Amino acid sequence: MRKKIIAGNWKMNYTINEAYDFVSSIKDLINTNEVDVVICPNHVALERVYDLIEGTNIKLGAQNVYFEDKGAYTGETSVNMLVSAGVKYCIIGHSERRKYFNETDEMVNKKAKKLLEKSIIPIICVGETLEQREKNEHFDFVSTQVKGALKEISENDVSNNIVIAYEPIWAIGTGVSATASQAEEMCKFIRDEVAKLYSQEIAQNIRIQYGGSVKPSTASEILNKEDIDGALVGGASLTNDFVAIVHYE
Ligand code: 13P
């Protein structure tokens, strides 16, 4: 039985103090064992948030990492640095990073491997544009992203140590969520792709989230779908709506 995982991607929001205040106000309300809860603040707020959630069931996630160990890479953050801040999950390949920072499938794959070396769970984001969906190219596109991201990653890691987040670009920050059946259709497609690449057993273990305008009013229908194992929440993770999403029924 796959445990649901609900992660909040704060994107570039909240200063250190704002992060502290917000997490202080919700942490007791989202400290549950029913689902895995992950909070992904910006890098400068990581450590402060970790101090607050240490010893709870809430896990810390980062929003990006670089795939080199150390050295002259101005502005970048290594996996070891994330480990030292208490990070357990890291979002990679978010469509905003692909769009604004030219992140490619090859880079996503390198980042995933580097994170796995240090036991941080990559949350690998995939998802199509509206144009691709309208041209019926969305399955091929997402399949390429999944294959690129998982290249040479072991069966054990795919089975136990990776999360995939299906985030259709047209649903991110638009207020227009994919319907639960559109989300389920693609998450099932991704699971079938993993079955083809690895095995049916591994495909049944991997957790696949949906992300894109998830709100308290849509969370239950989405999260009760068979192949949707959680949510990657953007805007709603910055407010008390996140509490309601974590406690969806
Ligand atoms: P919204 O929930 O704001 O649409 O963002 C989704 C997202 O990009 C999470 O990574």
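The values are calculated or read from the model by the stated rules, or taken from the named source; none is laboratory data. Values in this document were obtained by computation on a predicted structure and should not be read as measured data. Methodologically, a virtual Cβ is constructed for each residue, glycine included, from the backbone with ideal geometry; neighbour enumeration extends over all protein chains shown. Please note that ligands, DNA and RNA were not included when accessible areas were found on the heavy atoms of the full protein model with its side chains. Shrake-Rupley method; radii C 1.70, N 1.55, O 1.52, S 1.80 Å.
Just give me the residues in segment 204-249 being in a loop (DSSP other than H, G, I, E, B) and crowded, with 19+ Cβ neighbours inside 10 Å, in sequence order.
Hits for segment 204-249 are 206, 212, 213, 214, 227, 228, 229, 234, 248.
Just to be sure, is residue 231 farther than 27 Å from residue 156 by Cβ and within 14 Å of the ligand (Cβ to nearest atom)?
no
What is the residue count in segment 183-214 for residues that are under 14 Å from residue 126 (Cβ atoms), more than 10 Å from the ligand (Cβ to nearest atom) and hydroxyl-bearing (Ser, Thr, Tyr)?
Summing the residues that are under 14 Å from residue 126 (Cβ atoms), more than 10 Å from the ligand (Cβ to nearest atom) and hydroxyl-bearing (Ser, Thr, Tyr) in segment 183-214 gives 0.
Confirm whether residue 39 is within 16 Å of the ligand (Cβ to nearest atom), of a type in the set (Val, Ile, Thr) and touching a residue at least 12 places away in the same chain (Cβ under 8 Å).
yes
Name every residue in segment 45-63 that is among the charged types (D, E, K, R) and more than 10 Å from residue 86 (Cβ to Cβ), in order of residue number.
At the first step, the residues of segment 45-63 found to be among the charged types (D, E, K, R) are 47-48, 51, 54, 59.
Once the filter is applied, which keeps residues that are among the charged types (D, E, K, R) and more than 10 Å from residue 86 (Cβ to Cβ), segment 45-63 yields only 48.
Could you count how many residues in segment 148-182 are open to solvent by less than 10 Å² (accessible area, probe 1.4 Å) and farther than 21 Å from residue 121 by Cβ?
Number of matching residues: 4.
Hey, among the residues in segment 215-225 that are within 15 Å of the ligand (Cβ to nearest atom) and not charged (D, E, K, R), which one's nearest to residue 243 (Cα to Cα)?
Taking the candidates together, the pick is 216.
Which one is nearest to the chain's Cα centre (by Cα) among residues in segment 109-129 that are open to solvent by less than 30 Å² (accessible area, probe 1.4 Å) and closer than 18 Å to residue 231 by Cβ?
Only one residue fits best here, namely 123.
In segment 183-203, how many residues are open to solvent by less than 10 Å² (accessible area, probe 1.4 Å), more than 13 Å from residue 167 (Cα to Cα) and among the β-branched types (Val, Ile, Thr)?
Result for segment 183-203: 1.
What number of residues within segment 22-50 are surrounded by 13 or more Cβ atoms within 10 Å (Cβ to Cβ), out of contact with any helix residue (DSSP H, G or I) (no Cβ under 8 Å at 6 or more places or on another chain) and assigned to a helix (DSSP H, G or I)?
Going through segment 22-50 one residue at a time, the tally reaches 3.
Could you give every pair whose Cβ atoms fall below 6 Å, whose first residue belongs to segment 100-119 and is more than 9 Å from residue 149 (Cα to Cα) and basic (Lys, Arg), and whose second residue is assigned to a helix (DSSP H, G or I) and open to solvent by 30 Å² or more (accessible area, probe 1.4 Å), counting only separations of at least 6 or pairs across chains?
Qualifying pairs under 6 Å: 118/83.
Looking for something over 17 Å from the mean Cα position of the chain (by Cα), within 28 Å of residue 108 (Cβ to Cβ) and of a type in the set (Phe, Trp, Tyr) - is there at least one such residue anywhere in segment 19-41?
Looking through segment 19-41, none of the residues is over 17 Å from the mean Cα position of the chain (by Cα), within 28 Å of residue 108 (Cβ to Cβ) and of a type in the set (Phe, Trp, Tyr).
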